[in-house]
Amino acid sequence: MADAVIEARGVARRFAGITALHGVDLSVHAGEAVALFGPNGAGKTTFLRILATLLRPSAGTVRLFGQAVADGGAAARRRIGLLSHQSFLYPDLTPTQNLEFYARMFGAPLARVRELLVQVDLLGWAHRPVRTLSRGLEQRCALARALLHEPDLLLLDEPFTGLDVDAAAMLTGMLRAAHARGTAILMTTHDIGRGFAVCSRAAILVRGRMMWNGPIAEAQRDAFDETWTAAVRGRERARPVRG
Amino acid sequence: MLALIRKDLQIEFRTKETLASLLLLGLLTLVVLSFAFDPTSELRVEAAPGALWVAVIFAGVLGLSRSFLPERENDCMQGLLLCPVDRGTIYLAKTVANFAFMMAAQLAIGPIFIFFFNLRVTASLLGVFLSLALGVLGFAAVGTLFAAITVRTRAREVMLPLLLLPLVVPIFIAGVKVTGQLLAAKPLADVAPWLNLMLGFDVIFLVVGWMVFEYAVEE
Amino acid sequence: MSNRRFVDPILAPLTGAVMLVAIYMVFLYVPNDKAQGLVQRIFYFHVPLAIMTFLAFGVVAVASAGFLWQGTRFWDRLAHSSAEVGMVFCTLVLITGPIWARPIWGTWWTWDARLTTTLILWLIYAAYLMMRTVSGPGDQGARYAAVLGIVGAVDIPIINRSVYWWRTIHPAVLVTREGGSGLSDPRMQWTLGICFAAFFLLFLWLVWVRNENARLRDAVEEMRHEMLTQHA
């Protein structure tokens, strides 16, 4: 059994009286690609942020790379890449400047910057401020930023939203490559097709509770479909599961 | 940490908005205050240090309130928080950057100040510069902490001065005192206790800020 | 939980009783001060109020640190309650001070160290309370206020020192002696002592009431939330 990259047990999170997560369990092992499905408001983003050490859980434990998150989590963050709706790029700086900044912050060699600019095909725009780039180009730069330091764990929050066909293909390609290298991937999405294309395991999060968790194998398809349909329609018939 | 400072300097270099605001507002304050005093009266010279420091504080509050604006775009604050650095380091880097901006503005405002108030240029300028540096550092130390806090509150423009001005009173008093004494050609030794006060203030609040910053930015 | 029931029935009447004694002593028992006359009686209210307001801020600082460290609502409620009570006391200090000063020193306001520091403390209290209203949802307001509580508390001694130096290096405009006119008469000492006790109890009781208020409100909120999520 490969090492657990993520081990979350009973993770709960409350904000101002609203409980976003009710005791969620999830394990992700090295080299696994897991798709986390869920309708809007299920708590996927919150869960991801907790795993990225950006938020502290109100209850439960999170172990990353086999260790509890300690000392503000700096050590864990070095090995995690997060790709979100927001690009985390400074609009006044160029992609090169942005990537160089993040490279320095993560301790990645500056040569990686050029490498990635080539990979995402952004070389032609590398010296213009990010605010002048189109959304698609900006997202490509964000992808470069997430992969810059060769993270062992990639967390992606609805990465295919708003991508055009080319960009989506590029992303899928890069994700597959990362997966092949042994990077663990956890991706939230509500696009089942994409999720199945990239990942080998799936989980469903509904209103803060984990409703389904297992490998994407043909035999399981029916149970998965049932749970998913019920979730999307707002009626959960299954009991919450432990992962 | 150097990377962080470099990033802030790069951004400022591109837009120059903060520097320009600091300069102009500081200048404006000096001009307006000049109108408060008759050009020939004795009161002018006595009030000069006060005027300088008021200009520093007013312009400084504006500059500080802008200091986390770059992080508001594209959720860059989260991007920063994702980096494998201590939160305290982020604080120190921002403080240094803010200090640098404010001092840069002072380099321009200083001569104009001397100009407007018809002061004699004597050797004590070095002391005045030192007191300015110590004062601005303390101001930046407290200001950066609260700038991070107020950037996410409503009524941001009101909250920052409301918080900052009472807290930096010691810096203000000390600064005015030192500047006044030095301009009256008193020896540096006379103002040593005040400089010590400012230094103490700076050290204390840099440490407090460094320790507490993570609470200011977490959710 | 059970000890709470005992606090209020004891604390409230005790406070009331001691306060009554104090008022009696201030108005009827203690003799007129030779130098300052009738107005000096304000001193017996002013000084304990001043001590209490600084004590209150001390509590705010400690509770703020506790809140940041442990994150439980207990600390935050304590800080908030203490801040509100402290603010009220501070306002009273700033009102009684000038009322006392005017007849004695001939001016409403002096920039002496203690009064000025109290003024700045008032501003910090105001900022603290405002911080909670303008912040975003959830714990944000509490956390920001806690940061202010700690920074403010560290700053207050420095502010005091700097204003003191400011006033004494220059020749003083007025002789600053707020400590009272010698308090030679033992009756004066007794009165002051009882007033201290009275205002201390008042402080405790007000913070207690306010804190209970907050605690109950939190409890109701939690119950409401639980009921809502049961239906989900």
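Each reported figure results from applying straightforward, stated rules to the coordinates on display, with no laboratory input. Quantities reported herein were computed from a predicted structural model and do not represent experimental measurements. All Cβ positions, glycine included, derive from the backbone under ideal geometry; neighbour counts span all protein chains shown.
A compact table of results
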item: Highest-fluctuation residue, B:144, B:89, B:153 considered, GNM on chain B with Cα pairs under 10 Å; result: B:153
item: Average other protein chain Cβ within 10 Å of Cβ, residues C:117-123; result: 2
item: Ranked packing of B:75-85, A:41-51, C:97-107, most packed first, by mean Cβ within 10 Å; result: A:41-51, B:75-85, C:97-107
item: Rg [Å, one decimal], Dmax [Å, integer] - region C:82-152, C-alpha atoms; result: 15.0, 49
item: Folded to 0 to 90 degrees: helix B:17-35 orientation relative to chain B principal axis, Cα; result: 30
item: Euclidean distance of C-alpha centroids, region A:78-142 and region C:86-140, integer Å; result: 50
item: Three-way shape call for the protein assembly as shown based on the alpha-carbon gyration tensor, with the a/c threshold at 1.5; result: oblate
item: Sorted peptide list for A:165-177, B:154-166, criterion being average Cβ within 10 angstrom, highest first; result: B:154-166, A:165-177
item: Efficiency of FRET between residue A:127 and residue C:225 - r from beta-carbon atoms, R0 45 angstrom, step 0.05; result: 0.30
item: Degrees, to the nearest 10: B:125-150 long Cα axis against longest axis of chain B; result: 30
item: Average beta carbon contacts from partner chains per residue of C:148-157, 10 Å cutoff; result: 4
item: Region B:2-217 - Kirkwood radius from inverse mean 1/r over Cα pairs (Å); result: 17.8
item: Estimated [θ] at 222 nm from DSSP helical runs (n ≥ 4, -39500 (n - 2.57)) normalised by residues in the protein assembly as shown, nearest 500; result: -21500 deg cm²/dmol
item: Stretchable slack from residue B:34 to residue B:112, in nm (0.36 nm times residue separation minus alpha-carbon distance); result: 26.9 nm
item: Bridge type composition, chain A - antiparallel percent by DSSP, nearest 5; result: 55
item: Region A:87-177: Cα Rg divided by the 2.2 N^0.38 Å rule of thumb; result: 0.99
item: Chain A - convex hull of the alpha-carbon atoms, volume per residue in Å³; result: 133
item: Peptide A:80-90 - average C-beta neighbours from other chains (10 Å radius); result: 5
item: Length released on extending from residue A:134 to residue A:164, taking residue separation times 0.36 nm less the Cα-Cα span; result: 9.6 nm
item: Percent breakdown of C-alpha pair distances by 5 Å bin, ordered from the shortest bin, for region B:113-218; result: 2, 12, 20, 18, 15, 13, 9, 6, 3, 1
